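Right, one structure below, let's go through it.
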Amino acid sequence: PQNAGGAAVTLRDVSFRYASSDPLALDSVSLDIASGEHIALLGRTGCGKSTLLQLLTRAWDPQQGEMVLNGIPLNSWTEADLRSRTSVVTQRVHLFTSTLRDNLLLAAPNASDEELSTALHQVGLDKLLDNEQGLNAWLGEGGRQLSGGELRRLGLARALLHNGDLLLLDEPTEGLDAETEQQILSLLRKVSTGKTLIMVTHRLRGLANFDRICVMDSGRIIEQGDHQKL
Ligand code: ATP
Ligand code: MG
């Protein structure tokens with residue numbers, strides 16, 4: 001059955017603009033992604049990468065074209081089902097003014113403290129536990145602030161905990177040094193085996209292990225291939 005796990009994604013002639021007076025943010029995008037495939041979406045700033053990811057989370061619906069997940073049109077999925085299937089890290093990760101624990105639990109309400117700690121360890125955020133408050137440490141206003149790179153890693157920890165079979169990651173390694181970037185990319189590779197991964201980036205660096213790289217420009221996919229080809 002088409003709905004038995006995994007996440008195959010199809011976009012057919014998808015066009016989208018934010019407002020009727022805006023130019024097309026996506027212009028007739030067609031894309032077939034097999035279940036378990038790892039795709040990098042590459043392109044210059046403003047070319048439509050985040051927009052494409054956002055449409056897949058149904059933050060907006062396209063004015064034209066069709067989006068299908070596992071044979072079922074995206075707009076026929078219930079919000080809850082779609083959300084439980086997808087792990088999303090947006091370009092700007094939001095920190096809630098609350099405890100570290102709460103900041104993680106919102107992605108996986110039933111996770112144990114041990115699972116939360118493991119996720120923090122996986123993304124290299126052990127440091128946040130390195131005080132007597134541990135998971136009770138207060139973050140955000142009146143508490144500890146996180147750097148840009150730490151925020152991204154917090155977003156990744158949430159995605160790992162949520163454990164959807166479709167991972168949508170918007171520049172998860174932006175602002176990280178090369179070594180941390182490598183660590184995160186190999187972690188991603190490990191945790192997303194058998195899952196469908198779409199990762200937005202604007203660097204070709206580190207994409208050798210992706211099955212396919214789709215290059216976007218002005219709302220279109222202009223080239224596709226593996227790291228070798230591009
Ligand atoms: P970057 O690499 O800078 O993140 P991007 O490829 O993710 O760029 P998008 O954010 O998808 O680009 O933007 C595509 C186009 O849509 C841009 O012209 C942008 O200005 C416009 N745009 C993005 N978000 C909105 C919005 N919420 N309202 C109106 N226009 C938007
Ligand atoms: Mg973007």
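The values are calculated or read from the model by the stated rules, or taken from the named source; none is laboratory data. Being a predicted model, the structure only gives us computed values, none of them experimental. Note that each Cβ is placed from the backbone with ideal geometry, even for glycine, and that neighbours are counted across all protein chains shown.
Of the residues that sit in the range 55-67 and are in contact with a helix residue (DSSP H, G or I) (Cβ under 8 Å, 6 or more places away or on another chain) and either in contact (Cβ under 8 Å) with a residue 60 or more places away in the chain or surrounded by fewer than 18 Cβ atoms within 10 Å (Cβ to Cβ) (or both), which one is nearest to Leu116 (Cα to Cα)?
Thr57
If I filter the range 150-205 down to residues being assigned to a loop (DSSP other than H, G, I, E, B) and crowded, with 18+ Cβ neighbours inside 10 Å, which single residue comes out as nearest to ligand 1 (Cβ to nearest atom)?
Going through the qualifying residues, I end up with Glu171.
Looking only at the range 144-187, which residues are closer than 13 Å to Val123 by Cα, of a type in the set (A, V, I, L, M) and at pLDDT 90 or above? Reasoning before the result, please.
To start, the set of residues in the range 144-187 that are closer than 13 Å to Val123 by Cα comprises 149-161, 172-173, 176, 179-187.
Retained after the next criterion (residues that are of a type in the set (A, V, I, L, M)): 151, 154, 156-157, 159-161, 176, 184-185, 187.
Selection gives Leu151, Leu154, Leu156, Ala157, Ala159, Leu160, Leu161, Leu185.
Here is a yes/no grid of residues against (1) hydrophobic (A, V, I, L, M, F, W, C); (2) more than 12 Å from ligand 1 (Cβ to nearest atom); (3) at pLDDT 95 or above:
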site	(1), (2), (3)
Ser15	no, yes, yes
Tyr18	no, no, yes
Leu26	yes, no, yes
Val29	yes, no, yes
His38	no, yes, yes
Leu42	yes, no, yes
Gly48	no, no, yes
Thr51	no, no, yes
Gln54	no, no, yes
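Restricting to the range 121-180, and then to whatever is of a type in the set (A, V, I, L, M) and over 19 Å from the mean Cα position of the chain (by Cα), can you tell me which residue is farthest from Thr196 (Cα to Cα)?
That would be Ala137.
Among (1) aromatic (Phe, Trp, Tyr); (2) within 15 Å of ligand 2 (Cβ to nearest atom); (3) surrounded by fewer than 17 Cβ atoms within 10 Å (Cβ to Cβ), which single condition is Phe16 missing?
With respect to (1) aromatic (Phe, Trp, Tyr); (2) within 15 Å of ligand 2 (Cβ to nearest atom); (3) surrounded by fewer than 17 Cβ atoms within 10 Å (Cβ to Cβ), Phe16 is out only on (3).
All but one of (1) modelled with pLDDT of 95 or more; (2) under 25 Å from Asp217 (Cβ atoms) hold for Thr201; which doesn't?
Result: Thr201 fails condition (1) only.
Scanning the range 19-31 for residues that are touching a strand residue (DSSP E or B) at 6+ places or on another chain (Cβ under 9 Å) and aliphatic (A, V, I, L, M), which turns out surrounded by the most Cβ atoms within 10 Å (Cβ to Cβ)?
Leu26
Restricting to the range 72-86, count the residues that are loosely packed, with under 13 Cβ neighbours inside 10 Å and either under 19 Å from the mean Cα position of the chain (by Cα) or polar (S, T, N, Q) (or both).
Result for the range 72-86: 5.
I'm checking my understanding of the structure. Among residues of the range 32-63 that are small (Gly, Ala, Ser) and outside any strand (DSSP E or B), which one is nearest to ligand 2 (Cβ to nearest atom)?
The extreme case among them is Ser50.
Does the range 195-229 hold any residues that are of a type in the set (A, V, I, L, M), within 12 Å of Leu42 (Cα to Cα) and either touching a Pro at 6+ places or on another chain (Cβ under 6 Å) or in contact (Cβ under 8 Å) with a residue 40 or more places away in the chain (or both), and which are they?
Across the range 195-229, the qualifying residues are Ile198, Met199, Val200, Leu204, Leu207, Ile213, Val215, Met216, Ile221.
Within the range 83-92, does at least one residue satisfy the condition of being part of a strand (DSSP E or B), hydrophobic (A, V, I, L, M, F, W, C) and touching a His at 6+ places or on another chain (Cβ under 9 Å)?
Yes, the range 83-92 has at least one match.
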